[in-house]
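The values are calculated or read from the model by the stated rules, or taken from the named source; none is laboratory data. If you're wondering where the values come from, they're calculated on a predicted model, not measured in any experiment. A quick note on method: Cβ atoms are made from the backbone with ideal geometry, for glycine too, and the neighbour counts reach across all protein chains shown.
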Amino acid sequence: MFGPLLDKLFNRPVTEEGFAQLFIKAARDAGFSGPLDYRPSEFRLLHDNGAYFNLHNAFRDYQSADKAHKPSVLNGYVSTLINAKQTAPQTFERVRPLLRPVIRNLAMLEEVRLHQARTLGWDAPYSTVYQPLGRDCVTLLAVDYPESTSTLTKGPQEDWGLTMDEALAIAVDNLREATPDAFEEIEPGVYTGRWNDGYDTSRVLLPDVLQRAPIKGLPVFMIPTRDVLLVTGDRDEQGIRNMVEVCFKAIESGRVVSSQVYTYQDQQVVPFISGDAVVETRLASLEQLLLLGAYHDQKELLDRIHAEQQNDVFVATYQLFELAGGNGEAFSVCSWTKTVDTLLPKTDRVALVEIQDDGSANVHVVEWDELKSKLGELLTPVSVYPPLYRTVGFPAEQQLSQLTVLS
């Protein structure tokens, strides 16, 4: 009885249980009358006809929002739940002006697939329809409802009679019509979009818009999180460095999209190669941080699935360690233990562990690239993102002798 009151008085962080109850109350207040059965072990709600509403993203966004914006974050997700119930398949004529493109990290699609595998099993059919954009993100089709955005991971409805390319072309045109100039300089030479309508990052699909920013040269841009679009010029070396540094701040609270830098070639989004060693080093660190979060979430969900399905597979942890020298550079590492069936994340280094009869361990740390090159037959790639590799046996002593041991 007193728990929620004390939490309110002392501004304690809301727990998963507390957030679930808060969400259910907000849904009821908004008029949702259907069943809402909270499943704490899965952190999701069972509602109409066996459908689930996952609370992970809502909880994450609610936690990261400042106090003034928490109600709008909560109500936005409640609207998504209500719209999911009320928005039956619509005619193309009705939905056409609402189509929008959205850009998402590949890990989001993988999370959806893993949740399905948890519910329906690994053999259940699963497919997504998207356009590749960068190494770690894709473009999806969405419908812009008044209170929420519905992402169509399966692409346009079959009865619309459109290909994905055709539907996205319409979505991009719709977005262009809703895009006045709205750039603000936040660091010398670095501009951010200030449309604040949920589609800021989608505007990288509008080269003509980014070209109107007052930058030096051609647009060079980043989309670190769903709500942050940054742009500078290819002739502004310090601006590019500043832009990368802003990304480190952005990912502290936003839902990540991409760690990469982009530009345009023939009006298409392509990777940008700076040639600046400082920038390349910082980008490598940024990518490591994004992978750290993605691998953590992936491991957490796979561990639950394996436990529920009584599948004795260990998912190794993606870890980061700072290099000696204090310049902020780091390397990633995971552990591969003999006799343990393991899924390895792709890391810079691998710790090969052999447990001895007395409980001690022999550990050999080797470079991933050398391990994969010389003993690749012991690693089977798994079709997931971020990438995982299933171990097959363990390197024999003769095979270990082929590797350069770092420690």
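State yes or no: is Arg304 crowded, with 18+ Cβ neighbours inside 10 Å, out of contact with any strand residue (DSSP E or B) (no Cβ under 6 Å at 6 or more places or on another chain) and over 20 Å from Ile103 (Cα atoms)? No, not satisfied.
Yes/no per residue for (1) among the hydrophobic types (A, V, I, L, M, F, W, C); (2) at pLDDT below 95; (3) within 30 Å of Phe248 (Cβ to Cβ); (4) in the same structural domain as Trp122 (by TED's automatic domain parsing):
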{"position": "Ser335", "(1), (2), (3), (4)": "no, no, yes, no"}
{"position": "Arg349", "(1), (2), (3), (4)": "no, no, yes, no"}
{"position": "Gln356", "(1), (2), (3), (4)": "no, yes, no, no"}
{"position": "Asp369", "(1), (2), (3), (4)": "no, no, yes, no"}
{"position": "Leu379", "(1), (2), (3), (4)": "yes, no, no, no"}
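Is it the case that Val172 is β-branched (Val, Ile, Thr) and buried (at least 22 other Cβ atoms within 10 Å of the Cβ)? The answer is no for Val172. Given the structure, is Ile186 in a strand (DSSP E or B), of a type outside the set (Asp, Glu), touching a strand residue (DSSP E or B) at 6+ places or on another chain (Cβ under 9 Å) and surrounded by fewer than 17 Cβ atoms within 10 Å (Cβ to Cβ)? The answer is yes for Ile186. Among the conditions (1) touching a His at 6+ places or on another chain (Cβ under 6 Å); (2) assigned to a strand (DSSP E or B), the only one that Val405 does not satisfy is (2). Each residue in region 172-201 was checked for being of a type in the set (Val, Ile, Thr) and within 21 Å of Glu237 (Cβ to Cβ), and 3 pass.
Listed conditions (1) in a helix (DSSP H, G or I); (2) over 30 Å from Ile24 (Cβ atoms); (3) modelled with pLDDT under 90; (4) hydrophobic (A, V, I, L, M, F, W, C) are all met by Leu114, apart from (2).
In contact with a Phe, Trp or Tyr (Cβ under 7 Å, 6 or more places away or on another chain), surrounded by 15 or more Cβ atoms within 10 Å (Cβ to Cβ) and either in a loop (DSSP other than H, G, I, E, B) or of a type outside the set (Val, Ile, Thr) (or both): is that true of Phe321 in this structure? In short, no. Of the residues examined, Arg113 is not one that is in contact with a Lys or Arg (Cβ under 9 Å, 6 or more places away or on another chain) and buried (at least 18 other Cβ atoms within 10 Å of the Cβ). Entry remark, region 33-55: residues being at pLDDT below 80 and either in a helix (DSSP H, G or I) or on the phi > 0 side of the Ramachandran plot (or both) number 3 in total. Considering region 133-152, the residues that are more than 14 Å from the chain's Cα centre (by Cα) and among the charged types (D, E, K, R) include one that is farthest from Val73 (Cα to Cα), namely Asp144.
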